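Step one of this worksheet: look at the structure below.
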């Protein structure tokens, strides 16, 4: 089941009568050098590939501004209480779907599309120098690369000290580690939007399979 964050209605139970779980996947809007952001192009196609009657899929396009991240990400966590959130962003350095393991609290000295940087070049949420996802990143990456698919994954520990890392740290703070960040290559380098969307769908399915009945994700450290 697919919903945007503005049209999720009273569709909270599956046909079996069990409460549905909410998952959120975000992509970024355009910014300098990326008038079409490969992350949002993939995320907006995700409903074509992900279909789970027990899950409400909520997708959201986030502007490349620190203020938008600070305002919208906490609200998404509060409103939907998602079991997991996956953020996607574009990277010209990526040659595959690159799974980020962690995010830093400081070092945000690059101006966003509004020409702003965070106060003190630090995320306003949290106090830990580095936060790690509690997703089993190693297991996720292995399962992805074992699939008969041309979409491959790798693992990174440097999310880039810009909006991508900022949204990741913000979400890690609010979700107690129940989130993940995936860097997507530029369109056609090597994946088209549909291929990246299929890859994101596979990532989401694997992450959901990792979840225990009490909705705790395994430690990746």
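The values are calculated or read from the model by the stated rules, or taken from the named source; none is laboratory data. Note that this is a predicted model, so its numbers are computed, not measured. Here the Cβ is made from the backbone with ideal geometry for all residues, glycine too, and neighbour counts use every protein chain on show.
In segment 158-174, what residues are part of a helix (DSSP H, G or I) and touching a helix residue (DSSP H, G or I) at 6+ places or on another chain (Cβ under 6 Å)?
Once the filter is applied, which keeps residues that are part of a helix (DSSP H, G or I) and touching a helix residue (DSSP H, G or I) at 6+ places or on another chain (Cβ under 6 Å), segment 158-174 yields 166, 167, 170, 171, 174.
Could you please let me know if residue 207 is buried (at least 23 other Cβ atoms within 10 Å of the Cβ), touching a helix residue (DSSP H, G or I) at 6+ places or on another chain (Cβ under 7 Å) and more than 28 Å from residue 32 (Cα to Cα)?
Judged against the criteria, residue 207 is a match.
Under 17 Å from residue 206 (Cα atoms) and in contact with a helix residue (DSSP H, G or I) (Cβ under 8 Å, 6 or more places away or on another chain): does that describe residue 59?
Criteria not met by residue 59.
Among the numbered criteria (1) at pLDDT 95 or above; (2) within 21 Å of residue 45 (Cα to Cα), which one does residue 150 miss?
The one condition residue 150 does not meet is (1).
Can you pull out the residues in segment 185-197 that are surrounded by 21 or more Cβ atoms within 10 Å (Cβ to Cβ) and assigned to a helix (DSSP H, G or I)?
196, 197
Can you pull out every residue in segment 132-152 that is touching a residue at least 60 places away in the same chain (Cβ under 8 Å) and crowded, with 16+ Cβ neighbours inside 10 Å?
Passing the criteria: 132, 133, 134, 135, 136, 137, 140, 143, 144.
Condition test on residue 182, is it surrounded by 13 or more Cβ atoms within 10 Å (Cβ to Cβ), without any contact (Cβ under 8 Å) to a residue 40 or more places away in the chain and either in contact with a helix residue (DSSP H, G or I) (Cβ under 8 Å, 6 or more places away or on another chain) or over 20 Å from residue 42 (Cα atoms) (or both)?
Spelling it out, it is not the case that residue 182 is surrounded by 13 or more Cβ atoms within 10 Å (Cβ to Cβ), without any contact (Cβ under 8 Å) to a residue 40 or more places away in the chain and either in contact with a helix residue (DSSP H, G or I) (Cβ under 8 Å, 6 or more places away or on another chain) or over 20 Å from residue 42 (Cα atoms) (or both).
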